[in-house]
Structures are given as structure tokens and as C-alpha cells.
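Quick notes on the structure that follows.
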Amino acid sequence: MQPRYYSFVNSPLRQPGVAVVAFSIVDVPLPSLLLNGAALPGHDTRRRRGVCSHWLAHLAQTHLGLEPRIETASLIQARDLGPASTLQVRVRYRPSPVFRLPTPDPLRTPLIMIGPGTGVAPFVGFLHHLQACLQKDGHTKPIAESWLFFGCRSPDQDFLYRDELLHLDVSEATETDTGARSLSQLVLAFSRASPELVYVQDRLRESGKDIVRIMCGNAEQQQQPGRIYICGDALGMAKEVRQALQEIVAEHTHRSVEEAAALLRDWTAQQRLLLDVWH
């Protein structure tokens, strides 16, 4: 069986020695077996369940006391698990050589993060890491812009890490809030919250002017060129997002479609357009 890879949701600066991962449980209905248009007895509730995701969900429920619903890392860590919850799981660690925050100073490079669904996982870790860096340097707001485009079906059902993201969002800060917040803009797309289907690529197009501004930088104002990170489904989301970025670049830099595609390839070669996607 091939290994399944999951992204870390936390930062070693904030939680040294701890690895937190996020995963969605694969559980989808299969087409019913029909006889004269009616489902055969016992065949109307068949489902395909993910081998690894259901195994992980079982471990989380039996050893961590988690229910099969959305629970954030902060909720998990708030529990007193005790020695009885110790469990050995074989893990293969595969670090990404490029899909990581800029070095040596991640606070100085503008970031555009695009991660619908569980694709948001590494960006929660990114933002926690930036928050720890800000606190270390005595700052409360991002030095360079950091945008996160997140999408899901409904804000009430599958808005992963909602509380944590809102807590990191500068726009949610109050006058009495003195904590560090590492997220400049949280842009949300809910595909089933209204009759109009809205996806992250739609929000990208709405913010096209800002995206081009961030990616181009401004030497006179000493603003470094930005980076774009994309995490999630390779076949659907990533393809649509790349198409949206190509259209954005063409529109806001007055390039042809071919020239815009060439610029995206240049950004990829320069490690300024980075993907962590799965099939």
C-alpha cells in the first residue's frame, strides 16, 4: 500500500516536538445496484470508505477521545490524554525542499496562500510560525502582506480552523488586543452558502489587482516581490487556480495569454509559485 502524505498544521517554534496533521475522512456513496429501477435489498447504502483516513479517524476517536467531526489542533491539545493514550504509529517523514516559508527572514516576503478544504493545513502552520516570529521581534502586525484564500462548502459545516484563522486575522483585532496577528487578509469562498457557486478562483479574480501588485513588488518602497503557494486537489482546484492566475496576470499587466503563461512559468522556476497538490 502506498503511503499517504499529510501536511503539518503547526510550527516547531510554537510547539516544539509536536506534529499536528489534518485529514478529511473519505466516505462517499456508491451507485446502488438496481433491478427494474429499484435498489436491490442491502445494496442501497453501499459506501466507499478511505482505508487510511478511516483508520486515522478510529485512532483519533479511541485514543484521543475525538468525535468524527471538525476539531481543531487547539482543542486536541487542550485535553489531558494521559499515559494510556500513548500509541506507536509508523510515520514516513518527507520534507519539502521548496514548499516552505522564505528564509532567512520569512517576515519580509509577501505571501499569497491558496488552500481550500484541507489544503489550508500547511498555511495554518505557516501563520503560526509567522506569529511566533512576530512575537519574538516584538511586533503585533505583519511586516509584509500575507493573504490566505480559503474555500469550503459551508461556513457552518466545514470551515476548518475557523477560530484559529480569525484569531490570526489582523482585521479581527480589537483596540485592546495586544497579541501578534500574522494574517493581513483572509478571503473566503463558500460554494454552497448561496445560490451562486463561489470558489477560491472567483475570489482570486476579484483580488487580481492586489495579487499582481504583491507579486511584482515595489523597489522604491522596498517591498520585495511576493510568493504564491497553492495546496490541495491537483486535478480540479489547482488547475482552475492556475488558469485564474494566468487570466489575472494577462489582465492587470497588459500581457497576452501566452505571455502571462510564460510569466507563471518564470515564477515557478524562480520558486515564487509553489504547489503542494495531490491526485
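Among the residues making up region 96-126, those that are under 20 Å from Leu13 (Cα atoms) and among the hydroxyl-bearing types (Ser, Thr, Tyr) are Ser96, Thr103, Thr109. I'm checking my understanding of the structure. Among residues of region 165-193 that are among the charged types (D, E, K, R) and more than 16 Å from the chain's Cα centre (by Cα), which one is surrounded by the most Cβ atoms within 10 Å (Cβ to Cβ)? Going through the qualifying residues, I end up with Arg181. Taken over region 104-126, residues that are within 13 Å of Ala22 (Cβ to Cβ), touching a helix residue (DSSP H, G or I) at 6+ places or on another chain (Cβ under 9 Å) and of a type in the set (A, V, I, L, M) amount to 2.
For first residues located in region 218-232 and of a type in the set (D, E, K, R), partners that are in a loop (DSSP other than H, G, I, E, B) and lie 6+ apart or on another chain with Cβ distances below 7 Å form the pairs Arg227/Pro102; Arg227/Thr109; Arg227/Arg272. Output yes when any residue across region 146-164 is small (Gly, Ala, Ser), assigned to a loop (DSSP other than H, G, I, E, B), under 17 Å from the mean Cα position of the chain (by Cα) and over 27 Å from Val249 (Cβ atoms), and no when none is. Yes: one or more hits. Taken over region 165-179, residues that are among the hydroxyl-bearing types (Ser, Thr, Tyr) and under 17 Å from Gly151 (Cβ atoms) amount to 0. Among residues of region 154-178 that are on the phi < 0 side of the Ramachandran plot and at pLDDT 90 or above, those with a beta-carbon under 7 Å from a residue that is in a helix (DSSP H, G or I) and not hydroxyl-bearing (Ser, Thr, Tyr) at least six positions away or on a different chain give the pairs Leu160/Val120; Glu164/Val124; Leu166/Glu172; Leu168/Leu127; Leu168/Gln131. The number of residues in region 194-218 that are surrounded by 16 or more Cβ atoms within 10 Å (Cβ to Cβ) and at pLDDT below 90 comes to 0.
Leu273 satisfies every condition listed in (1) in contact (Cβ under 8 Å) with a residue 60 or more places away in the chain; (2) closer than 15 Å to Leu148 by Cα except (1). Residues in region 93-139 that are assigned to a helix (DSSP H, G or I) and among the polar types (S, T, N, Q): Thr118, Gln131, Gln135. The condition of being out of contact with any Lys or Arg (no Cβ under 9 Å at 6 or more places or on another chain), modelled with pLDDT under 85 and either surrounded by 14 or more Cβ atoms within 10 Å (Cβ to Cβ) or not assigned by TED's automatic domain parsing to the domain that holds Glu164 (or both) holds for Arg90. Out of Leu264, Leu235, Leu273, one residue alone is at pLDDT 95 or above, out of contact with any Asp or Glu (no Cβ under 9 Å at 6 or more places or on another chain) and at negative phi. It is Leu264. With respect to Arg181, is the statement that it is in a loop (DSSP other than H, G, I, E, B), touching a Cys at 6+ places or on another chain (Cβ under 9 Å) and over 22 Å from Thr268 (Cβ atoms) true? Spelling it out, it is not the case that Arg181 is in a loop (DSSP other than H, G, I, E, B), touching a Cys at 6+ places or on another chain (Cβ under 9 Å) and over 22 Å from Thr268 (Cβ atoms).
Which numbered condition in (1) surrounded by fewer than 19 Cβ atoms within 10 Å (Cβ to Cβ); (2) touching a residue at least 12 places away in the same chain (Cβ under 8 Å) is the only one that Ile112 fails? Here Ile112 meets the rest and fails (1). The requirement of being farther than 25 Å from Ser154 by Cα, small (Gly, Ala, Ser), exposed (fewer than 12 other Cβ atoms within 10 Å of the Cβ) and modelled with pLDDT of 85 or more is fulfilled somewhere in region 1-21, by at least one residue.
The values are calculated or read from the model by the stated rules, or taken from the named source; none is laboratory data. Quick caveat, the model's predicted, so the values are computed rather than measured. Using ideal geometry, Cβ is built from the backbone for each residue, glycine included, and neighbour counts are taken over all protein chains shown.
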